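In what follows, a single structure is set out as structure tokens and then discussed.
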Amino acid sequence: MNENTSSKWLKSVNQQKVLRLIYAEGPISRVKLAEKTGLTAQTITNIVNRLLGEEILHENVPLENGVGRKPVPLVVKSEELYALGIEVAVKYVRGTLVDFRNVPISEVTETMSSDTNEDHDENKVECIVKVIDQLLKRVPKMNQLKGIGCSIQGLVDSTDGVVLLSSGLHWRNFPLRERLEQHYNLPVYLENDANLLALVENLNGSLAASNHNVTVKLDYGIGGAHVMNKQLNSGAGHVAGELGHCKTFFGIEAMPCHCGAKGCLTTLVSGSGMKRNLGFTLEEFGHRIREGDPVAREWLAKMAEAVSSALSNLITFLNPDHVLFTGKVLDHTGNYLMDPLRMRILENIPESCRKVRLLRLEQTPDDSVLAAGLVMNRFFDVPTIHLSVI
Ligand SMILES: [Zn+2]
């Protein structure tokens, strides 16, 4: 880092420290900010003036403290700052505009055209742009919108903003962030849907008290995320968590998978695999299960066996304290799948691992709202030095 870069970096670290503190602990005075950060009163004044100028902060009514100058409490203008979240699914694009209190302001869904011609990429980008354009009309002032977050079902390089591989979307090394930044003068963030869910649940959701955990999303596709010491493990090439390609079906049940292998978990457990290989949509499957259809119930037992086998191996190997299950497959099958899954996993794993808590989110969270949360997360993020091994 040269001197100029390092001074800019320090300035941005200090500003982010102050901003995060006001967000987390506000209303808070300038004096308290100086005490808590160890920065000089002048530095705090400069930073606060800059943030007031950018309309990010608000000064509350000064507090009465009897003597001298009254401290002015500062708060983040959460009700006047906005984030836009986009869920890029295989068949649709859904967007939600939320304010920084996480209150949804407006929602838009557009169906994605399913043609696979060479303009396919353009159609998808156009569909995303259409959703964003409609939501932008609901933002009172453009400088209040702090970014666009995207949730993607597939492998994502969130640092470079590239979709590495999404079989459903037919994207390979697609520079989505760059494409969207050509349209909008706003920061764009991408994250894999299961990683995004794990990040949000670890921050302030059902995994807040957990340090080591696995998130499993059984949905139209299958995704997973591994968190160790509260840090997301993306692996060496952003592939960690690709649970859908664990080998769980053998013999005549080993169907070919789009990854080139056979017998992957996704071929008979995900919504798309179920449709392709069993001929059921998720809705039909859920309905048949509730009606007691013997064919569907037989498949359900095989699915429970397959998922529990993959998860039992993972739990034995990684020793997480929690495993969180979610996704539309569970929304449609409920306890018919979750109960045998829990039972089989606890039977399979060694006694030493049985303290693991197996949780299920009752309803799969809205990916577009989670993606908006990614914008807030980054807005208040304090940069750290990344050390790399040469
Ligand atoms: Zn596969």
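The values are calculated or read from the model by the stated rules, or taken from the named source; none is laboratory data. Treat the numbers as computed from the prediction; the structure is a model and nothing was measured. Cβ placement follows ideal geometry from the backbone for every residue including glycine, while neighbour counts extend to all protein chains displayed. Surface accessibility is based on the protein's heavy atoms, side chains included, excluding ligands, DNA and RNA. Shrake-Rupley method; radii C 1.70, N 1.55, O 1.52, S 1.80 Å.
Quick one: length gained pulling residue 63 to residue 80 fully straight, 0.36 nm per residue minus the C-alpha distance?
Details: separation 17, 0.36 × 17 = 6.12 nm, distance 2.33 nm.
This chain segment gains 3.8 nm when fully extended.
Can you tell me the FRET efficiency between residue 298 and residue 211 if r is taken as the Cβ-Cβ distance and R0 is 45 Å, rounded to the nearest 0.05? Don't skip to the answer; put the middle values down first.
Values: r = 39 Å, r/R0 = 0.87.
Efficiency, rounded to the nearest 0.05: 0.70.
Largest first, what is the accessible-area ranking of 121, 219 with a 1.4 Å probe? Walk me through the numbers before you get to the answer.
On the way: 121 50, 219 5 Å².
Result, largest first: 121, 219.
Using only the C-alpha atoms of the stretch 1-62, find the volume of their convex hull and express it per residue in Å³. Before the final figure, lay out each step's value.
Working: hull volume 5.6 nm³, N = 62.
So the per-residue Cα hull volume is 90 Å³.
Note down the relative contact order for the stretch 31-168 as a percent, whole number, built from C-alpha pairs under 8 angstrom at least six residues apart. Walk me through the numbers on the way to the answer.
Values: 196 pairs, mean separation 25.3, N = 138.
Once normalised by length, the contact order is 18 percent.
How big is the chain along each principal axis, measuring the range of its Cα positions in Å and listing the largest first?
Here the spans come out as 80, 53, 49 Å, largest first.
Can you tell me what share of the DSSP beta bridges in the stretch 199-334 is antiparallel? A percent to the nearest 5 is fine. Could you put the intermediate results ahead of the total?
Numbers: 10 of 15 bridges.
Looking only at bridges with both residues in the stretch 199-334, the antiparallel portion is about 65 percent.
Pop a pseudo-label 7 angstrom from the Cα along the beta-carbon direction at both residue 20 and residue 45 and give the gap in nm to one decimal.
Calculated label separation equals 2.6 nm.
Please calculate how many Å² of accessible area the chain carries per residue, with a 1.4 Å probe and no DNA, RNA or ligand atoms counted. Spell out each step's value before the answer.
On the way: 19440 Å² over 390 residues.
Accessible surface, normalised per residue, equals 50 Å².
Please list, in chain and number order, the residues 5+ apart from residue 189 or on another chain whose amide H is under 5 Å from its amide H, with Hs placed from the backbone.
Sorted by chain and number, the residues that satisfy this are 148, 149, 150.
Which residue fluctuates the most in the chain, going by a Gaussian network model with Cα springs under 10 Å, if the choices are 260, 154, 334?
For the chain, modelled as a Gaussian network with Cα springs under 10 Å, the answer is 260.
Find how much the distance from residue 101 to residue 258 grows on full extension, using 0.36 nm per residue of separation minus their present alpha carbon separation; answer in nm with one decimal. Walk me through the intermediate numbers first.
Values: separation 157, 0.36 × 157 = 56.52 nm, distance 4.06 nm.
The span from residue 101 to residue 258 would gain 52.5 nm if fully extended.
Pick from 370, 265, 74: which residue has the top mean-square fluctuation in a GNM of the chain where Cα pairs under 10 Å get a spring?
Between 370, 265, 74, it is 74 that shows the largest mean-square fluctuation.
For the chain, which whole-number percentage of the solvent-accessible area (1.4 Å probe, protein heavy atoms only) is attributable to carbon and sulfur atoms? Provide the component values of the computation, followed by the final result.
On the way: 10030 of 19440 Å².
Carbon plus sulfur share of accessible area: 52 percent.
Could you calculate the FRET efficiency of residue 331 with residue 137 from 1/(1 + (r/R0)^6), where r is the beta carbon distance between them and R0 is 41 Å, rounded to 0.05?
My answer for the efficiency is 0.85.
Tell me, what is the FRET efficiency for residue 55 and residue 291 to the nearest 0.05, using R0 = 51 angstrom and their Cβ-Cβ distance as r? Walk me through the numbers on the way to the answer.
Details: r = 56 Å, r/R0 = 1.10.
Working from the Cβ atoms, E equals 0.35.
Provide the convex hull volume over Cα atoms per residue for the stretch 211-360, in Å³. Each step should come with its number before you reach the end.
Numbers: hull volume 15.9 nm³, N = 150.
Cα convex hull per residue, to the nearest whole number: 106 Å³.
Along the charge dipole of the stretch 211-360, Cβ charges K/R +1 and D/E -1, which of 353, 280, 292 sits furthest on the positive end?
Looking along the dipole axis, the top candidate is 353.
Nothing charged except the Cβ atoms of Lys and Arg (+1) and of Asp and Glu (-1): what's the magnitude of the dipole of the chain about its Cα centre? Round to the nearest 20 debye.
1020 debye
For the Cα atoms of the chain, what angle does the longest principal axis make with the long axis of helix 294-318, in degrees from 0 to 90, nearest 10?
In the chain, helix 294-318 runs at an angle near 50 degrees to the longest axis.
Within 10 Å, at most 11 other Cβ atoms, and a DSSP state outside H, G, I, E, B define an exposed site. Report the longest part of the chain free of exposed GluC sites (Glu not before Pro).
On the way: sites that count: 54, 64, 118, 362.
Excluding the exposed sites themselves, the longest stretch runs over 119-361.
Keeping to pairs on different chains or 8 or more places apart, tell me how many lysine pairs in the stretch 211-360 have Cα atoms under 30 Å apart.
23
State the antiparallel share, in %, of DSSP beta bridges confined to the chain, rounding to the nearest 5.
Here the antiparallel bridges make up roughly 65 percent for the chain.
With each run of n ≥ 4 DSSP H residues scored as -39500 (n - 2.57), what mean residue ellipticity at 222 nm is computed for the chain after dividing by its residue count and rounding to the nearest 500 deg cm²/dmol?
On the way: 13 runs with 161 residues, N = 390.
That calculation yields -13000 deg cm²/dmol at 222 nm.
Could you work out how much longer the chain between residue 346 and residue 70 gets when fully extended? Use 0.36 nm per residue separation minus the Cα distance between them, nm to one decimal. Can you show the working numbers first?
Details: separation 276, 0.36 × 276 = 99.36 nm, distance 5.99 nm.
Result for the pair: 93.4 nm of gain on full extension.
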